[in-house]
Structure formats: C-alpha cells, structure tokens
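Below: the structure, in structure tokens.
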Amino acid sequence: MSAVNTAKKKRVELLFAAFLLLVGIIVFVDASQLHATYSQADAIGPKAVPYLVSGILVLSSIALSIAVARGNLAEGDEGEDVDLSQPSDWKVLVPLLGFFVLNLLLINWAGWVISGTILFFGVATSLGARRWALTAVISLVLAFGSFYGFYLGLGIKLPAGILSGVL
Amino acid sequence: MDTFNLLMGGFESALTPINLLFAFAGVVLGTAVGVLPGIGPAMAVALLLPLTFGMETSSALIMFAGIYYGGMYGGSTTSILLNTPGESATVITAIEGHKMAKAGRASQALATAAIGSFVAGTIGTALLVTVTPIVVKFAVSLGAPSYFAIMVLSLITVTAVLGSSKIRGFAALGLGLAIGLVGMDPVSGQKRLTFGFAPLIDGIDIVVVAVAIFAIGEALWIAAHLRRTPAHTIPVGTPWMGKEDWKRSWKPWLRGTAFGFPFGALPAGGAEVPTFLSYVTEKKLSKHPEEFGHGAIEGVAGPEAANNASAAGTLTPMLALGLPTNATAAVMLAFLTMKGIQPGPFLFENEPDLVWALIASLFIGNTLLLLINLPLAPLWAKLLKIPRPYLYAGILFFATLGAFSVNMQVADLWILLLIGLLGFALRRFGLPVLPLILGVIIGPMAEEQLRKTFQLSSGSVSGIWSEPLAVGIYVLIAVLLVLPAVITYIRRSRGRHDVVAEAVLGEVADHPKHKAGVSGTTADDDERENS
C-alpha cells in the first residue's frame, strides 16, 4: 500500500471518529436540555444514562483517533461476494441509494406494486443486471406476488396507491 | 415430573396438523434464506420476521422456531460449499468443511453437519428444558442490582472480550446505546433524542434496527464491493455418510455439544469460543491429525455441533432472564416483544403454554430440519448460484417490505435508510455489529434496572453493589478487563506465543490489524503450525 493511500485512509477514518464525537455531543446536549425534577422514586432521572452514553461515544472517538493516528487502520468486513481489492464503488452505490429513496417517495402515492417494481429493477440494474426484460419480469412478479401474498396470506394491506381499485 | 408434563402439553399444542405445517414452512423458508450467500442466520430471521405478523402468537412462535434452526443450518451449508461463512460462528466449520467439499466429500461434510446439528440441537434443547426452570427459580430471587450487573456483564463481554478491537467495540456499543435512548423515557415521560420528530417518540422499532443493520447495511456494503466473478460453487449430491464417517463423527458431536451449550447459556455467550475449542480438541484427539487442514470430518462434526448446542444454550438467558446474547437471539427477543410477550423470569409463570409450545417446536423444528435437508441439499446448493444482482436487489426489496409492514409508516423507511447507512459505515470502519445491536436492546432494559436500583436504595450509590451476586459479577468484569493485559505481560516476559489465549481474548496488543478476531487467528495459526 502506498503512503498516499494510507494517508487518505487515515483521513477517512478520522472523519468517522469525528462522527462518533458529534453523536456523543448531540446525546450530551439533548440530555442537558431535559427537565429533571428530583424525586425519591427516580433518583438519577432521565439524564444520567444519556450522559454515560455520551461519555462512551466521546471517549471511544478520542481513543479511535489516537489508534488511527498510530496506524491501527480498520479493515473492511470480508464476505463471500466482497472484493476488498477495490475501494467502495460509488458508481453502484449512488444510483442504488437513489432508487431506495425513490421508493420511499413513491410508496404511498404510487403504491407498493409500482414502487417495489421500480426498486427491484433499479437496484438490480445498478448492480449490473443486463438482461432488461428478464429483470423487469422478475421485478413485476416480486412486487405483485408480495402485494397479494401479504394481503391474502398475512392479511396485511400494503398501499395500493394510484392502482387502488384496480388491484 | 412437572417439567415433563408441561413439555408434553407443549408438544400437544405444537403437534396439530396446522402447527406442523407452520413448523415445516418455517424450516424450509429458514433454510432457503439462510443458505443464500451473504445472508447469515440473524439476517435470515430478521428478513422472515414480517411473515409472522398476521399470525396467532403460538403459530408464529412455532414457525419462528423452524426459521431459527433452518437459518442456522442454511448458514453452515453455505460455508461448506462456498467457503464463505455467513457469520463468525460458522467460520470454523468452513475451514475443514470446504476442504472436504473440494476433495469431493461435500456429501459427507453436509451429512455430518446436518446430523451433528440435529444431535446437538436435540441434546441442547433437552438441556434447555432442564436448566431453564432452575435458572428461572434463581432469577426470581434476584433484584434490580443483580439484573443490572448481569446486563453490564453481557455488554462488556460482547464488546471488550469477544471482538477483535476493543476501541471499535466500544464505539459500536455507544452508537447502539444512543439508538436505544431515542424516544420517550418511560419513567419521567421526557422525550430523548427525538428532535421534535413525532415518529421517534415511541422509540425506534427493534425490527427496523435489526433489518437496517443486518440486511440494508450488509447489502449496501456488498453492493459497493461486489465481486464481478462470483465465488466457485461445488456441486453436491444427497448427503450421506459411510460407516467410517459415522465412527469418526459421533464423539465430536457429543464433545461439541458439551462445549457449546454452557458457553451459549452464559450471559456472555457466543458461539465463537466453543466452536474454536471444539476444533482444537478434535484436532488433539483425532487419530488422523494429519488430515486437519485438508478436510478432516471431525473438524466439521465438532464445531458444527458446538455451534448448534450454543444456539440452544443462548435461549436459556433469553427465556429465563430476557437477555439476548447473540444477534439471532436479539432478533428473537424483538419478535417476542412485538408479540406482546415480555421475556424474563415471569414468562414461565405467565405464559406457560406459549413457552412450552415454543420449546416443543424447537424439538420438532430440529427433527424436520434433518428430514427435509438431507434430501433437499442438492436443491439448496443450486440457490448458491443465484445471480448476485438479483440476490442483493431481492434483499433490499424484502428488507424494505419487512420494515414497512411493521407499522406501515414511510418514516420507518427513512430510519431504515439512515441506520442502514450506519451499518455500511460499521462494516467500512471495522466496527463489530453485535455490540451495537445488543446495545439497542439491552441498553433500555439496563437503564430500567439501574433506576429501580436507585429507587430501592433511595438514591444512594451503594445500591449498585447491594446484592452479593452483583458484587461477584463486578469482580468478574474487572478480571475480564484486566486479564488480557496480564496475559500479554506474561507472554511478553516469557516470549511465548499462546494460541488459545490469543484466540479467546481476541486482539492483544501485538496484532493491531487483524480483524476477524477469533476466527482469523485460528486459520492463521493453523497454517503457521502446519508449515
């Protein structure tokens, strides 16, 4: 691994330590704004545990920064389909997250059948599925299948959206 | 005999045709999802949880028991055929199992894993039946200070003893505890960390957290690093074992069970240590030590039995104390709470029918598992070839569906996305997942006990150590935290390389970068020993 690469990795990890610190501070500030009235029945009140949690986060953030600065870098999680020789592939991840968010925006208006179809199709395509027709068919089958499966099998009504009345 | 009668009553309610059908469906689904690459038992259980939403509680429990054992069995199939353990507990199985599969003995490896799981699961469940009522009797006599101490112990061991990096473990624990704080404080009614956002007042649903961390986080992480050429799968026929294989397997099964159950039953359980101990023991006792590293059947039989026995053991603290000690049990606890069942010492008193039906269905699920999986193994192996874009798109699809169907709220999906991104970050920055998920679940329970403790002692700090058990546990925690440093010191002064100590204690100073903890160390050290 080149020196430049290591320096970059360190910076990214220090950023994560900063995130931990931020969460710790948020927990602290939030807790400090709680109104605690002392009572015999609740001696430590609602603040004590958040302060403790904030402490754990802040301390681990500091400890992590020191460890990273000393060269103790994280290794990504390994797995069967994971290729760690490449950095994170944002060209896959960004569209994938886009489709995920699209589903959130569409689910109540367009209904699960449409938003779910788009979700599956979009994610599979982002991940490199190139057989458009097949992917589209699978997406439709899954979305329809889960809609009716949940309705008939489990009695759970997923939103039908603009197709309500049709389905 | 009382226990026996209760258990028989449990069988009676579990053995109706409709419930058998649920158990069957649970086992098949659990195995099918568990066998998919990239899906460990915890994710399998989390993904299938929504299926039980519309069901009656007892049927849901019965199906869930099937999913639980099915998911675990599926995981071991993946590790044998792909050399890709879905979770740390099956890492050891993969070492010898995959070597066996490569040498053309996949059928035998799968057979010894399946039968071993059955033997260990059955003995483990029988032990669960015997031990749990005793633990319950003991547990009712415990007060808040002891409960608090036990919870702290389990959080500390998961964070500082089992993981590979303590700092990252504590960071994950802190994040989990912070997520657990979100919502209305039950004692004072104050809203914590809700930022004026109404859906957060009830807290974040544990099912949503579990699905986000296990399914979304994992799928995003894999998506970002997807291997373009999928791992090679080994084709397999129906599992079977020859006479010699049986002879070499049955003792490791029993020894593995003996290792697995106690470790699982401890409030600081985990399958990593017993599977590793079983592996080392079998290697020492084997008449064919030279086969280890090249596919020794004992090395599959022992650890796989230990894994399953430990899973049964995990249910002891889970049912008797309401304390989950591994990821799958954490999801199971979420499931029980969702069904309005409060695990804990009074569960056996309040809901005896449900508990015993659950335990009976564990026996049934385990038996069905064996009957179904031996003939179906070739079919499961085909699932490993599913094209990866469809697999991970499917995981995201069903995870979204599952999280949405809990409350039918889009807000839950935003939370799912945010915590999913956090799950991605955990994997990217080497933070262990288990402390986080246990922090989310145990955190609020521990706070409740802590506040009860102070209530009992009228605000005096001495309340914390007012019970002998609590004192004992704090001493134990101190020992656990100090021991690694002491061992490092002794080892340095002796200049010796102690394999077992290192593997059990995870990261010890001189391995700053190794990540896989127990598992990684095992493989490395074995290679070193062999060469």
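The values are calculated or read from the model by the stated rules, or taken from the named source; none is laboratory data. Model, not experiment: these values are computed from the prediction. With ideal geometry, Cβ positions are generated from the backbone for all residues, glycine too; neighbour counts draw on all protein chains shown.
Restricting the stretch B:392-420 to residues that are in contact (Cβ under 8 Å) with a residue 12 or more places away in the chain, facing chain A (nearest Cβ under 8 Å) and of a type in the set (A, V, I, L, M), the residue that is surrounded by the most Cβ atoms within 10 Å (Cβ to Cβ) is B:LEU396.
Consider B:THR238 carefully, then state whether it is closer than 23 Å to B:LYS287 by Cβ and either hydroxyl-bearing (Ser, Thr, Tyr) or not in a helix (DSSP H, G or I) (or both). Full working, then the answer.
Working: closer than 23 Å to B:LYS287 by Cβ: no; either hydroxyl-bearing (Ser, Thr, Tyr) or not in a helix (DSSP H, G or I) (or both): yes.
Taking the combined requirement at face value, the residue does not satisfy it.
Among the conditions (1) in a loop (DSSP other than H, G, I, E, B); (2) in contact with a Ser or Thr (Cβ under 9 Å, 6 or more places away or on another chain), the only one that A:PHE19 does not satisfy is (1).
Which is within 30 Å of B:ASP412 (Cα to Cα) and either within 14 Å of chain A (Cβ to nearest Cβ) or modelled with pLDDT of 90 or more (or both), of B:ILE234, B:ILE213?
Exactly one of B:ILE234, B:ILE213 is within 30 Å of B:ASP412 (Cα to Cα) and either within 14 Å of chain A (Cβ to nearest Cβ) or modelled with pLDDT of 90 or more (or both), namely B:ILE213.
Of all residues in the stretch B:243-286, count the ones that are modelled with pLDDT under 85 and either outside any loop (DSSP other than H, G, I, E, B) or out of contact with any Gly (no Cβ under 9 Å at 6 or more places or on another chain) (or both).
If we filter the stretch B:243-286 for residues that are modelled with pLDDT under 85, which is where we start, we get B:266-273.
From what is left, the residues that are either outside any loop (DSSP other than H, G, I, E, B) or out of contact with any Gly (no Cβ under 9 Å at 6 or more places or on another chain) (or both) are B:267-268, B:272-273.
The number of residues fulfilling the criteria is 4.
When residues in the stretch B:161-184 are screened for being under 25 Å from A:ALA43 (Cα atoms), crowded, with 24+ Cβ neighbours inside 10 Å and more than 9 Å from chain A (Cβ to nearest Cβ), 2 of them pass.
Cβ-Cβ contacts under 7 Å between residues 6 or more apart (or on different chains), taken from a first residue in the stretch B:448-468 that is in contact (Cβ under 8 Å) with a residue 24 or more places away in the chain and at the interface with chain A (Cβ under 8 Å from one of its Cβ atoms) to a second residue that is assigned to a helix (DSSP H, G or I) and among the aromatic types (Phe, Trp, Tyr), are listed as B:LEU450/B:PHE148. Within the stretch B:2-37, being crowded, with 22+ Cβ neighbours inside 10 Å and in contact with an Asp or Glu (Cβ under 7 Å, 6 or more places away or on another chain) holds for one residue alone: B:PRO37. The set of residues in the stretch A:62-90 being more than 7 Å from chain B (Cβ to nearest Cβ) and outside any loop (DSSP other than H, G, I, E, B) consists of A:ILE62, A:SER65, A:ILE66, A:VAL68, A:ALA69, A:TRP90. Mind listing just one residue for me: the one in the stretch A:35-55 that is part of a loop (DSSP other than H, G, I, E, B), within 7 Å of chain B (Cβ to nearest Cβ) and within 22 Å of B:GLY439 (Cα to Cα) and, of those, modelled with the highest pLDDT? Top of the filtered list is A:PRO46.
Tell me the residue from A:ALA143, A:ALA136 that is crowded, with 21+ Cβ neighbours inside 10 Å, small (Gly, Ala, Ser) and farther than 30 Å from B:GLN449 by Cβ, please. Working first, answer last.
Numbers: A:ALA136 fails: crowded, with 21+ Cβ neighbours inside 10 Å.
Among A:ALA143, A:ALA136, only A:ALA143 is crowded, with 21+ Cβ neighbours inside 10 Å, small (Gly, Ala, Ser) and farther than 30 Å from B:GLN449 by Cβ.
Taking the condition within 14 Å of chain A (Cβ to nearest Cβ), at pLDDT 85 or above and within 22 Å of B:GLY10 (Cβ to Cβ), does B:ALA25 pass? When the stated conditions are applied, B:ALA25 passes them. The helices (runs of 4 or more DSSP H) found entirely in the stretch B:102-220 that carry 3 or more residues being hydroxyl-bearing (Ser, Thr, Tyr) are B:106-140, B:144-156.
Do the conditions hold for B:GLY116, that is, is it within 14 Å of chain A (Cβ to nearest Cβ), in contact with a Pro (Cβ under 8 Å, 6 or more places away or on another chain) and within 19 Å of B:LEU362 (Cα to Cα)? So B:GLY116 does not fit the description; no.
When the stretch B:30-81 is filtered for residues that are of a type in the set (A, V, I, L, M) and under 19 Å from B:PRO378 (Cα atoms), the ones remaining, listed by number, are B:ALA32, B:VAL33, B:VAL35, B:LEU36, B:ILE39, B:MET72, B:ILE80, B:LEU81. Among the conditions (1) within 13 Å of chain A (Cβ to nearest Cβ); (2) touching a Leu at 6+ places or on another chain (Cβ under 7 Å); (3) closer than 30 Å to A:LEU52 by Cβ, the only one that B:ALA223 does not satisfy is (3).
Is it the case, given these coordinates, that A:GLY165 is at the interface with chain B (Cβ under 8 Å from one of its Cβ atoms) and outside any helix (DSSP H, G or I)?
Numbers: at the interface with chain B (Cβ under 8 Å from one of its Cβ atoms): no; outside any helix (DSSP H, G or I): yes.
Judged against the criteria, A:GLY165 is not a match.
When each of B:VAL158, B:VAL209, B:VAL187, B:VAL140 is tested for being hydrophobic (A, V, I, L, M, F, W, C), farther than 30 Å from B:GLY430 by Cβ and surrounded by 17 or more Cβ atoms within 10 Å (Cβ to Cβ), the lone residue that passes is B:VAL187.
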